[in-house]
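Just below is one structure, and these are the notes that go with it.
The values are calculated or read from the model by the stated rules, or taken from the named source; none is laboratory data. In this text the structure is predicted, and so the values were computed from the model without any measurement. FYI the Cβ positions are ideal-geometry reconstructions off the backbone, even for glycines, and counts take in every protein chain you see. The area values use the complete protein model at the heavy-atom level, side chains included, leaving out ligands, DNA and RNA. Shrake-Rupley method; radii C 1.70, N 1.55, O 1.52, S 1.80 Å.
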Amino acid sequence: MSNDSLRRQRFPTSVSRPVASPIQPSVVYASDDPDMLDAQYEGGLQGYTYSREGHPNATALAARIDAMEAVTGGIITSSGMAAVSLAILGCCQAGDHVLGGNQLYGRSLRLMSQDLPRYGIETSLADPTDIAAFRAALRPNTRAILVEVVSNPVIRVADMEAIAALAAKAGVTLIVDNTFTTPRGFAAIENGADIVVHSVTKLLAGHSDAMLGYVAAKDPDLNARIAEMAVTWGFTPSPFDCWLAERGLMSFDLRYSQAETTARALAQALSDHPAVTRILYPGHASHPDHNRATHLLGARSGNMVSFEITGGRAASNALVRALPFVPFAPTLGDIGTTLSHPASSSHRALTVDQRAALGMSEGFFRVSVGCEETAELVAEFCAALDTL
Ligand SMILES: *Cc1c(COP(=O)(O)O)cnc(C)c1O
C-alpha cells in the first residue's frame, strides 16, 4: 500500500454554496498548527475539533429548534431520553428531590423511579392537572419539576400556568417536555419553563427515521453545564440523524397544520360513531380539560387523539386488522398516521386496575394523526369501526 493511498485529499471547494446542508460525518477535524487549535479551544476561532464535542449538522439543527423555542444555545442529544436525563442531571445532585407529573413518558417514569434514586436523588410524582396535589408534593429539597403539557396516552392537559407560578415562587427549576405539544402548540420558555426538552424523534423530525433529542436551559450557566455534561457523558447525536431531522423540520409547519386539521375532524367523527364509547381530544368540548386546553393551547390542540371501544381484546384485534394501512406501532409524530394500543405496548407493565385508574381499558387506542387527506382518513377509520 502506498502512503499516498492513505493520505486524504482536501474535500473539493466551490465558490457557489450547496442549497441543501451537506452531511459531515468526520469524527475529527485537523487544524493548521497548535496556535490555531489553542484559539479554537479558547473560543477566539470558531472551529470543530472532535464530533462528540460538536459538529456542523448538530449546530445547524440546534439553531433551527432554538428559533422555534425562542432560546439560544440549545443542545442536540442522541435521543429524547438523553435530553430528559441531561435536563435533570444538569440541575440536580444527591440530596435533591425531583417532582414529576404522574403520567410522564414511560421511560421518564422509569428514570424517576429506578435510576435517579440510585444516585441519591429523591423523586415523587403528582397529578399535574391538580395544582393542590402538586403544591402538596413540594419538599424543602425540591430542586426540579418535570412535566409534559399534554400527557400520553390519556391526553390530559397540565395546569401549566399554576405550575409555572408554583415553581417560580419556590425557586424550583421547571423542566417542560414539549414533545407532544411542539413549539407550535406551546411556547414553553415564554410560559415559565426554565428548561425545555424534546424528543426530536417524534413530530419535529417527523419521518420515523432519526432518533434525537433537544435540551435548552434559559439560564446560560445552566445551559453551559448541560452542554458540558452532554460531551462528558457522551449523549452526542449522529450527524446523519441531525441531517435527516433538519430536512424533516423543513416541512414541520405544513405537517403540523395538516395533522391538526385532520385530528380535529377525526375526533369529531369518532365521537359521533356508535362503536366508540369515549374520545379524548383537547380541542373537543367533551375533553375533561377542554377549558384549560383552549386557554393554554389556543386554537392548537395537536395531532393526538385517543378513543375507546368495547368488546375486549377480540374487538381491539379486529379494529387493528381492519386498518391494515395504518401502522400499528408504538410511536408518534410520523408523517403518516399510526395507531397504538397502550394495554399491549406502552402500559403493558401495569395491571388492569392500574390502567383503569389512569382511564385506560383494553379498548383504549391512541392515534397519532399524520398528513393524509382529511376526508379519506376519517372515512377509513369509520369504515373500520363499522366492521365491529
Ligand atoms: C418519545 C418520547 C420521549 C423519549 O424520546 P426518544 O427520542 O424515544 O428517546 C420523551 N418524552 C416524550 C413525551 C416522548 O413521547
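For every residue, the table says whether it meets (1) under 26 Å from the mean Cα position of the chain (by Cα); (2) open to solvent by less than 10 Å² (accessible area, probe 1.4 Å); (3) small (Gly, Ala, Ser); (4) modelled with pLDDT of 95 or more.
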{"residue": "Val305", "(1), (2), (3), (4)": "yes, yes, no, yes"}
{"residue": "Ser316", "(1), (2), (3), (4)": "no, yes, yes, yes"}
{"residue": "Val320", "(1), (2), (3), (4)": "yes, no, no, yes"}
{"residue": "Ala349", "(1), (2), (3), (4)": "yes, no, yes, no"}
{"residue": "Asp353", "(1), (2), (3), (4)": "no, no, no, no"}
{"residue": "Ala357", "(1), (2), (3), (4)": "yes, no, yes, no"}
{"residue": "Ser368", "(1), (2), (3), (4)": "yes, yes, yes, yes"}
{"residue": "Ala379", "(1), (2), (3), (4)": "no, no, yes, yes"}
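Take the conditions (1) within 20 Å of Ala216 (Cβ to Cβ); (2) more than 16 Å from the ligand (Cβ to nearest atom); (3) surrounded by fewer than 20 Cβ atoms within 10 Å (Cβ to Cβ); Thr49 misses just one of them, which is (1). Residue-level analysis places Ile155 among those that are in a loop (DSSP other than H, G, I, E, B), surrounded by 20 or more Cβ atoms within 10 Å (Cβ to Cβ) and within 16 Å of the ligand (Cβ to nearest atom). The residue that is nearest to Asp386 (Cα to Cα), counting only those in segment 266-300 that are of a type in the set (Gly, Ala, Ser) and open to solvent by 40 Å² or more (accessible area, probe 1.4 Å), is Ser271.
Scanning segment 228-238 for residues that are surrounded by fewer than 22 Cβ atoms within 10 Å (Cβ to Cβ) and assigned to a helix (DSSP H, G or I) yields Glu228, Met229, Val231, Thr232, Trp233.
Does Pro330 satisfy the condition of being touching a strand residue (DSSP E or B) at 6+ places or on another chain (Cβ under 8 Å), open to solvent by 70 Å² or more (accessible area, probe 1.4 Å) and not β-branched (Val, Ile, Thr)? Here the answer is yes, as Pro330 does meet what is asked.
Residues that are within 21 Å of the chain's Cα centre (by Cα) and modelled with pLDDT under 95 number at least 3 in the following helices (runs of 4 or more DSSP H) confined to segment 48-151: 106-110. Looking across segment 161-218, the residues that are away from the ligand (no atom under 16 Å from the Cβ), open to solvent by 10 Å² or more (accessible area, probe 1.4 Å), in contact (Cβ under 8 Å) with a residue 24 or more places away in the chain and small (Gly, Ala, Ser) come down to Ala162, Ala164, Ala165, Ala168, Ala170, Ala187, Gly192.
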